[in-house]
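Everything below concerns the one structure shown next.
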There are 2 protein chains.
Amino acid sequence: MPTRRLAAEQLNKIRALAAFSPDALSSIAYANQEIYLGLVVAGAAGLAYSWPIALAIVGLLAVLALSYAQTIPAYPSGGGSYTVARENLGSTLGLIAAAALLIDYTLTAAVSLTAGVAAIASAFPELWPHRVTLSLVLLVVIALANLRGLRESGTLMAIPVYFFLISYLGMLAVGAVRAMLEGPSSLAAAAPPPTAPLTTFLLMHTFASGCTALTGVEAISNGVPAFREPQIKNAVRTLGVMAVLMGLLFVASIGLTQYFAAIAGPQETILSALARRIVGHGAAYIAVQAGTLAVLAVAANTSFAGFPRLASVLARDRYLPHQFAHLGDRLVYSNGMGVLAALTGVLIVIFSGDSHALIPLFAVGVFLAFTLSQAGMVVHWIRARGPGWRTKATINGLGALTTATALLIIGVSKFLEGAWIVMLLIPVMMLGFHAVRNHYREVARELTLKGLPPSLKPMPQPRVVLPVSGVHRGVVEALRYARSISDRVTAVYVETQPGDADRIRREWESWGQGVPLVVVQSPYRSIIGPFLDFLDETDREHNDGTLATVIMPEFVPARWWQNLLHNQTAWLLRLALTFRRHRQGQVRAIVDVPYHLRE
Amino acid sequence: MPTRRLAAEQLNKIRALAAFSPDALSSIAYANQEIYLGLVVAGAAGLAYSWPIALAIVGLLAVLALSYAQTIPAYPSGGGSYTVARENLGSTLGLIAAAALLIDYTLTAAVSLTAGVAAIASAFPELWPHRVTLSLVLLVVIALANLRGLRESGTLMAIPVYFFLISYLGMLAVGAVRAMLEGPSSLAAAAPPPTAPLTTFLLMHTFASGCTALTGVEAISNGVPAFREPQIKNAVRTLGVMAVLMGLLFVASIGLTQYFAAIAGPQETILSALARRIVGHGAAYIAVQAGTLAVLAVAANTSFAGFPRLASVLARDRYLPHQFAHLGDRLVYSNGMGVLAALTGVLIVIFSGDSHALIPLFAVGVFLAFTLSQAGMVVHWIRARGPGWRTKATINGLGALTTATALLIIGVSKFLEGAWIVMLLIPVMMLGFHAVRNHYREVARELTLKGLPPSLKPMPQPRVVLPVSGVHRGVVEALRYARSISDRVTAVYVETQPGDADRIRREWESWGQGVPLVVVQSPYRSIIGPFLDFLDETDREHNDGTLATVIMPEFVPARWWQNLLHNQTAWLLRLALTFRRHRQGQVRAIVDVPYHLRE
């Protein structure tokens, strides 16, 4: 696709909502589950706190949405928390935000896929033991869909997102009607007996897990350039719609769960239990579970949009390898997607496809990035001092304060369960960022032509060494090529069976084109070691500041499988040469001279 | 290790028995299991046939052992069924035997490992769900032990083999004493109710499965060259000892199983049930199970000796890629072992680590090879007509007849259960053998120097194309190298962002050493496609029967991880060039000119 068609790839609001909101909307699935699992251990008394905790989280959501609505017009070129933190708080805090975001994109994909599979396995219990496999299959499907390009993803992803919204809102509506007709159920009667006391720590812990409901709020502010014009207005409006939907789905689900005193079985999610309670076991129930799976699967798409985008920004700033910066032929960031898919797959396998086990790692990074981003916005307004800057700074300051408080609660209450992994990983990633940047800076310094005399002395013809395994047409052609590039050619034969060299020497008389043949003995039947020793020796003898060029005669067979029948020694020799030139700190040119086999 | 030390690597009889008999001795484990599983469906009436079936199989064993004892002096250089069948029955039947043997070596490894794991998982039921993983771990351990060399294997393997023999014979002795003291138990009381009628087909089917007890009898005749002098005498004696041990272990186990009416639980082997019946649950029971696991694990060793040996013979006859013919530096056939390990791993995974599922594939190949080998020996004696040739031919004829009968029974009764896979695989493998041989013959014809004039016209200097990504020291050095091998150099820059080329052109003025720079437009931001198109075009224009040589400037960083930061485009370009030169049926030399980065 030509560069000029880039603009046409941008998204309208309907598609943008489908592309950027699934993470935010679908997080109710695992957040509800976490709140339920956190409180059920304290029995009915614990579960009675579902509603207050949900309200606290929705309060957080309102603050965050307002905060991010201010970020969009201030930073219309995207980049999100990393850009905001870097520009206003300096590169170190910016990189902390970037590391946190990269981790979170990966965890979003892993948690969404595993939670989605749990939703459908709640409906079909025979799938429960195969959750890891199913999650991995879904991951591959999503990754391939994304590699096909952003617009196709937009269309492809819109259907399941709206299917989820309709089926889920429908269920909630039915639930509201039934709630009015039937009245509340008794939690005390339904809840299992408590196995842990109801402590402040338990409530904090549950609140911390429930905060994962807010993941994805920032996605739109990272992706403003993907919106159609007027970009800012469209992005802010989409953010507003998304936040209202998130809040509605979350409080309505939690409220109905508590009102109906829904309790989940051992191989079931709490949302599945709620859906069963409201619409029974039939097609409507299956539709809700399938919709939940669909939106969660699509939520991984947020990561497949965000991760490569952020990696590309970091790569352009030279903190990541520059292949992450390249747009592929199809306008997608293929390398970033590949890395994301691989990391997500590893997480799914390590954590046995269990989203509950992944959550403690998840929340830390999200709230770290939130806090840094909001704090950066406060500095931004103080510096910019545009109209109404005090109000704007206050709103973002409130956002920073609340997310920092949540971060503290999460860090303390989840530390041993996995938050420590992320706290350890972030400094390690920062070391990596700096190592990459230092290396590129050093290479640029080494490669500069400043100080080099423009008229360099021409290089003399290279010394050329040709390993021969026998005397045949392939070798004769390689020898002709060698002589065409240099007058200083030596052929080398490694003798592994005593006496073999005599025949080779005789044949070389006729076919050697006057090039000297050196025979190297190999009492241990290895070909590669003695040949490398010969190279070292001849380089030492000449001592002209260069290493001899090696010609690698290679057979190119007519059919692919015939490669298995040729060139093994050549491949091993090439591998050995690659390592050898590293070790010596010197470089050696290698020439592949192929001989084409017709059959 | 120098070639002259090869002789010292040969094995004495104690070690040879340990190296070549484990397959034969250990096959009682799965053969007993198959006889039990085959008959138990018919209840007590079925299990009463255990003893007659065992006797029939021991009769077969006696005939086979006598037959193979005649093969050893006739073919002291090894090669077994393949050599014998090929020399006496022609190459087609020889290759059938070879294909059958390669399949059987692989199945021996897979069946032995899975049966061994079943033995230890009978003692520790918590291991039962992890049989696949355990089998794979064992496979890796055995493969690595073998890659360390034959002699080390001999010593390493002798300990578990003799541990098994002592513990198992001890258990049988205790069993014999208890049998005399206690008298027989009632099968009718112990056996579960029949679920299938006792038919002739069921007995044939069970006999066919039980015949797997005979696997491994041929191993010694394949491996005569590994014995110490006097090789033939030592090999024949070792075969005799092995056959007597096999028969003793087999009939004694089956006899005691029936005498004590031992019945296995659902997650237990019949040998485990027998051992529990005789020695209880204590240390002695664990020792027997561990010994069974040990000898079965070591049985895979028979394959790791036999498979690479046969592959090497086939490779020397040019039916397999010649890398199977090479002795590695450590006197082991590493390539053959690698292939065997990979195939075995695949079988274990596909068949879920269940030896019972693998057995139907196993027996066909074994008896096919037996029959061809014995039939070949008959022809051998008729042709040789040495002293006593009539007796010898009769013995081998009897062997051929009985094994052919068994083969027929196995083929018919096991066809649908998996024997068909082997029957299909053998012709496929033969096609492969012939394809390899034809290819090598054709290549030899193409490579011959006959008819080529000894004084060839020298090749002109190659046209050289140097792709440049920018103007820096690395490119300047690559350009100097290019000019040192040819006066016909062209540099090519692919412009992905309109306008970039202007800067490159200006810099090239100063640093281009007078070499022309061609700028190629890339509206789609791909670098590789336009560059390949340029190559095609320049080759068409020159039309001199050669393709331009491509110089690949390459960074060699100081530390390995820095490779991730460089050369991606170069690698992709090289990959594309490799495929392109295949498609065109023409060849292109590629020169890697590395630039060493100091940091």
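No value in this document is a laboratory result; all are computed from the given coordinates. Please read all numbers here as calculations on a predicted model, not as lab measurements. In this analysis, Cβ positions are derived from the backbone assuming ideal geometry, glycine residues included, and neighbour counts consider all displayed protein chains.
Here are the numbers:
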item: Relative contact order computed over chain A (Cα-Cα under 8 Å; 6+ residues apart), in percent; result: 21 percent
item: Area projected by the alpha carbon convex hull of chain B, averaged over all directions, nm²; result: 37.0 nm²
item: Cα centroid separation - the stretch B:267-317 against the stretch A:338-377, whole Å; result: 46 Å
item: Computed [θ] at 222 nm, helices only, for chain B once each DSSP H run of length n ≥ 4 contributes -39500 (n - 2.57); result: -22500 deg cm²/dmol
item: Under Karplus coefficients 6.51, -1.76 and 1.60, residue-wise ³J(HN,Hα) of the stretch A:287-296 in Hz, glycine/proline x; result: 4, 5, 5, 5, x, 5, 4, 4, 5, 5
item: Backbone HN-Hα couplings from phi across the stretch A:400-408 [Karplus 6.51/-1.76/1.60, Hz, Gly and Pro as x]; result: 4, 5, 5, 5, 5, 4, 4, 4, 4
item: Hydrodynamic radius by Kirkwood, which averages 1/r over all alpha carbon pairs of the stretch A:228-270, in angstrom; result: 12.8 Å
item: Rg/Rh (Cα only; Kirkwood hydrodynamic radius) as it applies to the stretch A:76-220; result: 1.04
item: Interchain or long-range residues, amide H under 5 Å from B:A558's placed H; result: B:L597, B:E599
item: Span per principal axis, largest first, for the Cα atoms of the stretch A:281-390 (Å); result: 58, 39, 28
item: Among A:V288, A:A357, A:T269 the positive-end extreme of the charge dipole of the stretch A:251-370 (Cβ point charges); result: A:V288
item: Average partner coverage of B:519-528, which counts Cβ from other chains inside 10 Å; result: 3
item: Radius, Kirkwood style, for the stretch B:172-331 when every pair of distinct Cα atoms is counted (Å); result: 19.4 Å
item: Across the identical copies, how the A:A56 labels are spaced - nm, sorted shortest first, 7 Å along Cα→Cβ; result: 7.7
item: Long-range amide H partners of B:M552 with built H, under 5 Å; result: B:V591, B:D592, B:V593
item: Net charge dipole size for chain A [Lys, Arg +1 and Asp, Glu -1 on Cβ; Debye, nearest 20]; result: 1540 debye
item: Segments A:356-367, A:400-411 sorted - mean Cβ within 10 Å per residue, highest first; result: A:356-367, A:400-411
item: Charge dipole magnitude, Cβ of K and R +1, D and E -1 - the stretch B:249-408, Cα centre, debye nearest 20; result: 640 debye
item: Alpha-carbon Rg with Dmax, taken over the stretch A:505-565, Å; result: 15.6, 43
item: Partner aspartates and glutamates for B:K13 [C-alpha distance under 17 Å; skip if fewer than 8 residues away on the same chain]; result: B:D23, B:E152, B:E218, B:E229
item: Volume of the Cα convex hull of the protein assembly as shown, divided per residue and given in Å³; result: 213 Å³
item: Shape category assigned to the stretch A:426-539 from the gyration tensor of Cα positions, a/c cut at 1.5; result: oblate
item: Packing-based exposure ordering (other Cβ within 10 Å, fewest first) of B:I528, B:I57; result: B:I528, B:I57
item: Per-selection Rg to Rh, the stretch A:155-215 - Cα, Kirkwood hydrodynamic radius; result: 1.13
item: B:R488 long-range amide H proximity, modeled H, under 5 Å; result: B:V464
item: Global form of the stretch B:5-147, assessed from the alpha-carbon gyration tensor, a/c cut-off 1.5; result: oblate
item: Gyration tensor (alpha-carbon) shape descriptor, the stretch B:369-490, a/c threshold 1.5; result: prolate
item: Sorted by Cβ density within 10 Å, fewest first, the residues A:M180, A:M242, A:M377; result: A:M180, A:M242, A:M377
item: Ascending count of other beta-carbon atoms within 10 Å, so fewest first, for B:D500, A:D544; result: A:D544, B:D500
item: Rg(Cα) / (2.2 N^0.38 Å) computed for the stretch B:138-253, rounded to two decimals; result: 1.47
item: Dipole magnitude of the protein assembly as shown, debye to nearest 20 (Cβ charges: Lys/Arg +1, Asp/Glu -1, about Cα centre); result: 1540 debye
item: Vicinal HN-Hα couplings computed from phi for the stretch B:35-48 (Karplus, 6.51 cos²θ - 1.76 cosθ + 1.60; Hz; Gly/Pro x); result: 4, 4, 5, x, 9, 5, 5, 9, x, 4, 4, x, 4, 5
item: Among A:M204, A:F307, A:A191 the positive-end extreme of the charge dipole of the stretch A:175-324 (Cβ point charges); result: A:F307
